Amino acid sequence: RVQLKGGEYPAYVEGALEGAALAGLRSDLATLLDRPGWRDEDKTARAAAVLHVAEGAPWRVLQALMQAGAGEGVRDYLFQRADPAWQAQSGPVEFQLPRDAGLGARPRAPLRTLEVVVTHRPERGVRVRLQIRTNDGTVRTPSGAGRTWTVEEAIQVLQNGLVSADRAVVKTPPPFGGGVDAHSVIRLIDALKRAGIETIELEGTPLPPPR
């Protein structure tokens, strides 16, 4: 369930994301942000959203929340985990949704995008695949094609500087991305930022329509 200013919204109904509840959340968020002084002239929210993430919370719910928030101009997020021990060790993780860069000149050097593909299977748990794609079509996979890591191993690869990129895309594609927990993705986002990659985009389950 999702809570906002005393309101509670069922994120899951019968195992599926509840589109109507998330639409209601977005409506209440709009009411909150439409007060004087809470938006810039371009409708971007001046407030950051602090997401308190409970143990085992699905990443797809957080991603749906950020998609709903983005629709109301919320670009800045702060992930905080409910576990005090983890919070004391790692602290909150900041994340900013990228702004539309618009149409510009193509970079002279190939733009390097690190694709971080995160999936979950019951028999293997959460696995991470890393590959670097450049805008000239070149694809390079660290340590060989088809290699996957645990979250801890992937974080170690990033900490050791074994990959270098201009931007990153964290993907949780269906069907096996839906079971990824939020904590795993937040840890990977934190590792990417610590590796010097500031532009991070997200791909995964879209916000469902109201039903």
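For Asp181, the residues 5 or more places off, or on other chains, whose built amide H falls under 5 Å of its own are Trp59. For Trp149, the residues whose amide H sits under 5 Å from its own are Val128, Arg129, ignoring neighbours fewer than 5 places away on the same chain, with H placed 1.01 Å from N. Each residue of region 38-45 was assigned a 3J(HN,Hα) from its phi angle through the Karplus curve 6.51 cos²θ - 1.76 cosθ + 1.60 (θ = phi - 60°); the sequence is 9, 10, 7, 4, 8, 6, 5, 5 Hz, with glycine and proline shown as x. Per-residue extension of 0.36 nm, minus the Cα-Cα distance of Leu32 and Arg75, leaves a gain of 13.9 nm for this segment.
Extension gain for His52-Val139 works out to 27.7 nm (0.36 nm per residue, less the C-alpha to C-alpha distance).
Values quoted throughout were computed directly from the atomic coordinates according to the rules given, and no laboratory measurement underlies them. All of these numbers come straight from a predicted model, not from anything done at the bench.
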